[in-house]
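Accompanying notes for the structure given below.
The values are calculated or read from the model by the stated rules, or taken from the named source; none is laboratory data. Quantities reported herein were computed from a predicted structural model and do not represent experimental measurements. Because the Cβ atoms are built from the backbone with ideal geometry, glycine has one as well, and the counts that use them run over all protein chains shown. Calculation scope for accessible area: heavy atoms of the full protein, side chains included, ligands and nucleic acids excluded. Shrake-Rupley method; radii C 1.70, N 1.55, O 1.52, S 1.80 Å.
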Amino acid sequence: MERTGQSGKGFKKETVNKLLQLHFKDDKTRVSGDALLLMAEMIKVFVREAAVRGVRQAQTEDLTRVDVEHVEKVLPQLLLDF
C-alpha cells in the first residue's frame, strides 16, 4: 500500500468494518470490500492530516512536542475542511 514515496500501513479492513458496524442501525447491513478499502484510505488521510496540523500548531507555539491539545485546536477547522 505504498504510494507517492510514502510508506506505512493503513487500517485493517476488519477494524474499519467494525467501526462502520457500530454506527449502522440495522445489524444486517453489509459493506463491500471496495467500500472498506475506500473508508480505510479516507481514515488514513484524515489521521495523517490531523497529525500534520497538530505539528504545525505546536510549531507556532514554539514547542517541539505535540500534545492532544494541539490536535484539539486544529480539529474544528480540519472537520470543516474534510
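Table: residues versus (1) over 12 Å from the mean Cα position of the chain (by Cα); (2) on the phi < 0 side of the Ramachandran plot; (3) surrounded by 12 or more Cβ atoms within 10 Å (Cβ to Cβ); (4) modelled with pLDDT of 95 or more.
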| position | (1), (2), (3), (4) |
| --- | --- |
| GLU14 | yes, yes, no, no |
| LYS18 | yes, yes, no, no |
| GLN21 | yes, yes, yes, no |
| ASP26 | yes, yes, no, no |
| THR29 | yes, yes, no, no |
| ALA35 | yes, yes, yes, no |
| GLN57 | yes, yes, yes, yes |
| HIS70 | yes, yes, yes, yes |
| PRO76 | yes, yes, no, yes |
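Under 6 Å by Cβ, and 6 or more places apart or on different chains, what pairs join a residue from region 35-60 that is within 17 Å of ASN17 (Cα to Cα) with one that is open to solvent by less than 60 Å² (accessible area, probe 1.4 Å) and assigned to a helix (DSSP H, G or I)?
Hits for this filter: LEU36/VAL16; LEU36/ASN17; MET39/VAL16; ALA40/VAL16.
Here is a list of conditions, (1) at positive phi; (2) over 14 Å from the mean Cα position of the chain (by Cα); (3) modelled with pLDDT under 90; (4) not basic (Lys, Arg), and SER7 meets all of them except one; can you say which number that is?
Of everything listed in (1) at positive phi; (2) over 14 Å from the mean Cα position of the chain (by Cα); (3) modelled with pLDDT under 90; (4) not basic (Lys, Arg), SER7 misses just condition (1).
Write out, first by first residue and then by second, each pair whose Cβ atoms fall under 7 Å of each other, whose residues are 6+ apart or on separate chains, and whose first residue, in region 62-82, is closer than 11 Å to GLU49 by Cα while the second is assigned to a helix (DSSP H, G or I) and of a type in the set (D, E, K, R).
If the second residue must be assigned to a helix (DSSP H, G or I) and of a type in the set (D, E, K, R), the pairs left are VAL74/ARG53; LEU78/GLU49; LEU78/ARG53.
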